[in-house]
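Q: Could you have a look at this structure, given as structure tokens, before my questions?
The values are calculated or read from the model by the stated rules, or taken from the named source; none is laboratory data. Please read all numbers here as calculations on a predicted model, not as lab measurements. Glycine also receives a Cβ, built like all others from the backbone with ideal geometry; neighbour counts cover every protein chain displayed.
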Amino acid sequence: MRIKILGLLLIIPMIIFSCKGKKGETQDNAQKQDETTQLAPGLTFNPADLPEEPILDIVTSEGTIRVKLYKETPGHRDNFVKLASEGFYDGILFHRVIKGFMIQTGDPNTKKMDDPEAVAKIGSGGPGYTIPAEIISKFKHKKGALSAARRGNESNPEKNSSGSHFFIVEDEANCARLDGEYSVFGETISGIEIVDKIAAVKTGAGDMPINEVKIISIRPAVQ
């Protein structure tokens, strides 16, 4: 396995077979293959099947954004893959959209828009942990870059990233000031027009889209 997923245990079922002649061996081999490829409970895909630089499709209500995650930022890569494989992002909204800047998502509170208490906490929700910063100088906030959101320097001098919030750069010039401050861990390789489309939606209080823009799923891209 080339990717080590944080806190994720894969349960491999025990395979029991016996010699039953050629026909029996064929049946047992087929059963063995099915069982060894079985996903652990709760997973939508097996993170161990992904390459060192995974390519994932972020399927949104506005279209699909295909992204590549960097091998040089393994903490962010592995955490993103872990959450995606668990379906964490399925149904989450883009809650902060600023045209000429970026589009942000990753707050599980946005799955509970009928709950006033959850709505009041939008912007602060997450998986309950942070990710150590992986700020690498060669990775800039270029158009389409994936970068991890975080709390400000005053309360977060180590620049640790949110456990689930991330944003995609819409305007490189206006996001250049974020270089060296936030962990860039991937880039858009297709669907940049979807980023622009989301960035152009009408927003209300807190820069939240008036009409919901939702992540439907994040899964490995089919090449």
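Per-residue answers, yes or no, for (1) under 18 Å from Leu93 (Cα atoms); (2) assigned to a loop (DSSP other than H, G, I, E, B); (3) at pLDDT below 95:
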position	(1), (2), (3)
Phe139	no, yes, no
Lys143	no, yes, no
Gly186	no, no, no
Lys197	yes, no, no
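Q: On to the next question. Which pairs have Cβ atoms under 6 Å, sit 6 or more apart or on different chains, and link a residue in segment 128-154 that is free of Cβ contacts under 8 Å to residues at least 24 places away in the same chain to one that is part of a loop (DSSP other than H, G, I, E, B) and surrounded by 17 or more Cβ atoms within 10 Å (Cβ to Cβ)?
A: none
Q: Determine which member of the set Phe88, Phe94 is surrounded by 14 or more Cβ atoms within 10 Å (Cβ to Cβ), assigned to a loop (DSSP other than H, G, I, E, B) and modelled with pLDDT of 95 or more.
A: None of the others qualify; the one that does is Phe88.
Q: Exactly one condition in (1) surrounded by 21 or more Cβ atoms within 10 Å (Cβ to Cβ); (2) within 14 Å of the chain's Cα centre (by Cα); (3) not aliphatic (A, V, I, L, M) is not met by Thr110; state its number.
A: All conditions pass for Thr110, except number (2).
Q: Return the residues of segment 99-127 that are among the hydrophobic types (A, V, I, L, M, F, W, C) and either in a loop (DSSP other than H, G, I, E, B) or without any contact (Cβ under 8 Å) to a residue 40 or more places away in the chain (or both); say none if nothing qualifies.
A: Those that are among the hydrophobic types (A, V, I, L, M, F, W, C) and either in a loop (DSSP other than H, G, I, E, B) or without any contact (Cβ under 8 Å) to a residue 40 or more places away in the chain (or both): Phe101, Met113, Ala118, Val119, Ala120, Ile122.
Q: Every residue in segment 69-85 that is of a type in the set (Ser, Thr, Tyr) and assigned to a helix (DSSP H, G or I), please. If you could, list the steps in order and put the result at the bottom.
A: Restricting attention to segment 69-85, the residues satisfying the condition of being of a type in the set (Ser, Thr, Tyr) are 70, 73, 85.
Hit for segment 69-85 is Ser85, nothing else.
Q: Being of a type in the set (Val, Ile, Thr), within 19 Å of Gly91 (Cα to Cα) and either buried (at least 17 other Cβ atoms within 10 Å of the Cβ) or not assigned by TED's automatic domain parsing to the domain that holds Ser61 (or both) is the filter here; which residues of segment 113-137 pass it?
A: Ile122
Q: Quick one: is Asn211 without any contact (Cβ under 8 Å) to a residue 40 or more places away in the chain, over 17 Å from Arg96 (Cα atoms) and out of contact with any His (no Cβ under 7 Å at 6 or more places or on another chain)?
A: Values: without any contact (Cβ under 8 Å) to a residue 40 or more places away in the chain: yes; over 17 Å from Arg96 (Cα atoms): no; out of contact with any His (no Cβ under 7 Å at 6 or more places or on another chain): yes.
So Asn211 does not fit the description; no.
Q: Mind checking which residues of segment 179-208 are free of Cβ contacts under 8 Å to residues at least 60 places away in the same chain and buried (at least 20 other Cβ atoms within 10 Å of the Cβ)?
A: Answer for segment 179-208, where residues must be free of Cβ contacts under 8 Å to residues at least 60 places away in the same chain and buried (at least 20 other Cβ atoms within 10 Å of the Cβ): just Tyr182.
Q: Please determine, by comparing only the residues of segment 35-54 that are outside any loop (DSSP other than H, G, I, E, B) and touching a Leu at 6+ places or on another chain (Cβ under 8 Å), which one is nearest to His165 (Cα to Cα).
A: The selected residue is Pro47.
Q: Any idea which of Ser162, Ser155, Ser137 is closer than 18 Å to Gly75 by Cα, more than 17 Å from the chain's Cα centre (by Cα) and polar (S, T, N, Q)?
A: Numbers: Ser162 fails: more than 17 Å from the chain's Cα centre (by Cα); Ser155 fails: closer than 18 Å to Gly75 by Cα.
Only one candidate qualifies: Ser137.
Q: Right, here's the next one. Select, from Ser85, Ser162, the only residue that is within 19 Å of Ile218 (Cβ to Cβ) and in contact with a helix residue (DSSP H, G or I) (Cβ under 9 Å, 6 or more places away or on another chain).
A: Among Ser85, Ser162, only Ser85 is within 19 Å of Ile218 (Cβ to Cβ) and in contact with a helix residue (DSSP H, G or I) (Cβ under 9 Å, 6 or more places away or on another chain).
Q: Inspect segment 166-178 for any residue being closer than 25 Å to Gly42 by Cα, in contact (Cβ under 8 Å) with a residue 40 or more places away in the chain and either surrounded by 19 or more Cβ atoms within 10 Å (Cβ to Cβ) or assigned by TED's automatic domain parsing to the domain that holds Ile58 (or both) and give the result as yes or no. Explain how you work it out, then say what you get.
A: Of all residues in segment 166-178, those closer than 25 Å to Gly42 by Cα come to 166.
Add one more test, that the residue is in contact (Cβ under 8 Å) with a residue 40 or more places away in the chain, and what stays is 166.
Pick out the ones that are also either surrounded by 19 or more Cβ atoms within 10 Å (Cβ to Cβ) or assigned by TED's automatic domain parsing to the domain that holds Ile58 (or both) and you get 166.
Yes - at least one qualifying residue is present in segment 166-178.
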